[in-house]
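Heads up: the structure comes next, in structure tokens.
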Amino acid sequence: MRIIIIGSGYVGLVSAACLADLGHEVLCVDNDTAKVSRLQAGDIPIFEPDLAEMIARNVARGRMQFADALPAFGSEVAAVFLAVGTPPLPNGGANLDAIFAAAEAVAAKARQGLVVVIKSTVPVGTGDAVERLIHRERPDLPAVVVSNPEFLREGSAISDFMEPDRIVVGTDHAAARRTLMDLYAPLIKLGTPVVHMRRRAAELTKYAANAFLAIKIAFANEMADLCEAIDADIDQVMRGVGLDSRIGPAFLQAGPGYGGSCFPKDSSALLATAQDHAVALRLVESAIAANDARKRALGERVRSAMGDRAEGRTVAILGLTFKPDTDDVRDAPAFALIESLQRAGSNIRVFDPKGMNSARRQLKGVTFSENAYECAEGAHCLVLATHWSEFATLDATRLSDLVATRLLVDLRNGLDAAKFSAAGFVVHGIGRSRRVPPTPPVSLKLRSRPYRPILSLRPSLNGHVNKSWPPAGEPAPR
Ligand code: NAD
């Protein structure tokens, strides 16, 4: 099937590459001409594991193309996906300018009736507004707007897309529903549940899921504070809690507070929707407040570990991205920490395996290091802010020779505290007991399966989903 995806960011590009890998032909449209030029030259502007290879493979097969403007299109296009950004407004609501601009372009360029699929995270009622906009601009055009929210996580986006827990399809329109079922047929055949619902319910489902996860994280962080006060170990407590099958272990890792491009903005946007409808969402409100307070207190946590002598001293921060395996630094807790420590007069050195380029555009007055050891050199405090797996194998003894003061603040409980203690470091974790020797760091990646192309699936696509598969001249995989 032929599809167009407007917006080539983390969600648009991953969705495009995965749908192309499933056998569809995808045109990716983005109004950032520099980004499109890079994509056309084979240079992938974001870091997401395995994405570059997947795009290269599908460009070579002729299944992925890039354009900086939407071309005129007709019924050969089965659906147009909107995957543009919906950043926060100052009042916490979602800025829908890009959604409406994309919808206007669709209305201008569509020759025949079409299915518009909103993949961006949008407030309840946005699908109605987009449908009204298209009908206003083009009363002649039968257009159906479907909500199909995306649940992928940066860092494991490809496996999340290809092996999703569920696919949510929000529409009452039977033909549009069939189009979505055809598009996702290979995943549905593998047993992925599809949850059909009304469009407004689908829009809310995405926000409700993110708000629930944000509450779970905020809860674990509150318990970590209590652990510090009562001398207990949060890792042990949350293991005991998370093994309860009614609760589950995911999103119970205490840390510096949630960040990233989704949880902070989506929980605020959900609150804004509820306020518009005069509904109190006290749990969501509390999670937001608790998380904001936690991020604001990070600087104080580090300063207090330094004996309140942060001024003029050097803090080495390992990790800038909001989580490992992405280059995304949007709303990352490390930035709140850096801001606070700079206000306290500290000199900041930073290192991140993939986030340095994005960080360089935002951080002023910090020293960017080539690697973790260079970052630690002469530091009075070492802080782990993002638990990249490569940090877990850092040589504590080598670091102890490099730093000026052997002090480690591990905001992710990601390093082996016993090893660092043995190397002479005073170690401050999150929610860690002062008496019980800390448990060895557990794997924090709960779902780290690398994505492997579902080769056995592709032949079944022929005739079911993509009539043109395999593309001319390419042998079918065995
Ligand atoms: P992003 O900022 O990485 O990408 C958005 C892209 O849209 C950019 O490349 C931008 O240039 C392009 N764009 C903006 N206006 C446009 C227009 N009028 N025409 C064409 N292109 C335009 O954003 P993202 O992280 O991919 O998120 C996209 C949406 O998906 C958001 O609503 C987000 O909340 C949601 N989402 C994100 C994630 C995630 O992990 N990043 C996960 C699930 C859902």
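Nothing in this text is a laboratory measurement; each read-out follows from the coordinates by a stated rule. It should be emphasised that the depicted structure is a prediction, and the values quoted were computed from it without experimental measurement. When we count neighbours, we look across all protein chains shown, and the Cβ atoms used for this are built from the backbone with ideal geometry, even at glycine.
Of note:
- FRET efficiency for the Ala229 to Ala72 pair, using the beta carbon distance and R₀ = 56 Å, is estimated at 0.30.
- According to the Cα-based calculation, Rg over Rh for segment 373-435 is 0.92, with Rh computed by the Kirkwood formula.
- Scalar couplings 3J(HN,Hα) for segment 87-101, obtained by applying the Karplus form with A = 6.51, B = -1.76, C = 1.60 to θ = phi - 60°, are x, x, 8, x, 8, x, x, 9, 7, 9, 4, 5, 4, 6, 5 Hz; x denotes Gly and Pro.
- Long-range amide H partners of Ala332 with built H, under 5 Å: Gly260
- You can think of it this way: the chain between Tyr373 and Arg282 has 28.3 nm of extra reach, that is 0.36 nm per residue less the Cα-Cα gap.
- For segment 177-183, Karplus couplings with θ = phi - 60° (6.51, -1.76, 1.60), whole Hz, Gly/Pro x: 4, 4, 4, 5, 5, 5, 4
- Annotation: the antiparallel percentage among DSSP beta bridges lying fully within the chain is about 5.
- DSSP-defined antiparallel bridges as percent of all bridges, segment 82-232, nearest 5: 15 percent
- Relative contact order of the chain, defined on C-alpha pairs under 8 angstrom at six or more residues apart (%): 13 percent
- Taking the convex hull of the alpha carbon positions in segment 139-199 and averaging its projected area over all directions gives 4.9 nm².
- Under Stokes-Einstein, with the Kirkwood radius over Cα pairs as Rh, the value for segment 165-218 at 37 °C and 0.692 mPa s is 269 µm²/s.
- Remark: relative contact order (segment 1-134) = 27 percent; criterion is Cα-Cα distance under 8 angstrom and separation of 6 or more residues.
- Long-range HN-HN contacts of Val426 with modeled amide H, under 5 Å: Leu407, Leu408
- Per-residue ³J(HN,Hα) for segment 384-394, Karplus 6.51 cos²θ - 1.76 cosθ + 1.60, θ = phi - 60°, Hz, x for Gly and Pro: 8, 9, 9, 8, 4, 5, 5, 6, 5, 9, 4
- Stokes-Einstein translational diffusion, segment 179-259 - Kirkwood Rh over all Cα pairs, 0.890 mPa s, 25 °C, in µm²/s: 160 µm²/s
- For segment 149-238, the relative contact order works out to 27 percent when only alpha carbon pairs closer than 8 Å and six or more residues apart are counted.
- Per-residue ellipticity at 222 nm from helix content only, as computed over the chain with -39500 (n - 2.57) for each DSSP H run of at least four residues, stands at -12000 deg cm²/dmol.
- Principal axis box of segment 339-397, alpha-carbon based, largest edge first, Å: 31, 25, 17
- In this structure, the amide hydrogen of Arg313, modeled 1.01 Å from its nitrogen in the peptide plane, lies closer than 5 angstrom to those of Asn347, counting only residues at least 5 positions away or on a different chain.
- Scaled against 2.2 N^0.38 Å for its residue count N, the alpha carbon radius of gyration of the chain is 1.04.
- Taken over the chain, lysine pairs spaced eight or more positions apart, or on distinct chains, with alpha carbons under 13 Å apart number 4.
- Most tightly packed first, judged by the mean number of other beta-carbon atoms within 10 Å of their residues, the peptides 359-370, 212-223 read 212-223, 359-370.
- Between Asp401 and Arg38, the contour length at 0.36 nm per residue exceeds the Cα-Cα span by 126.4 nm.
- Gain on full extension, evaluated as 0.36 nm per residue between Arg296 and Asp244 minus their Cα-Cα distance, stands at 15.5 nm.
- Net dipole in debye of segment 293-402 [+1 Lys, Arg Cβ; -1 Asp, Glu Cβ; about Cα centre; nearest 20]: 520 debye
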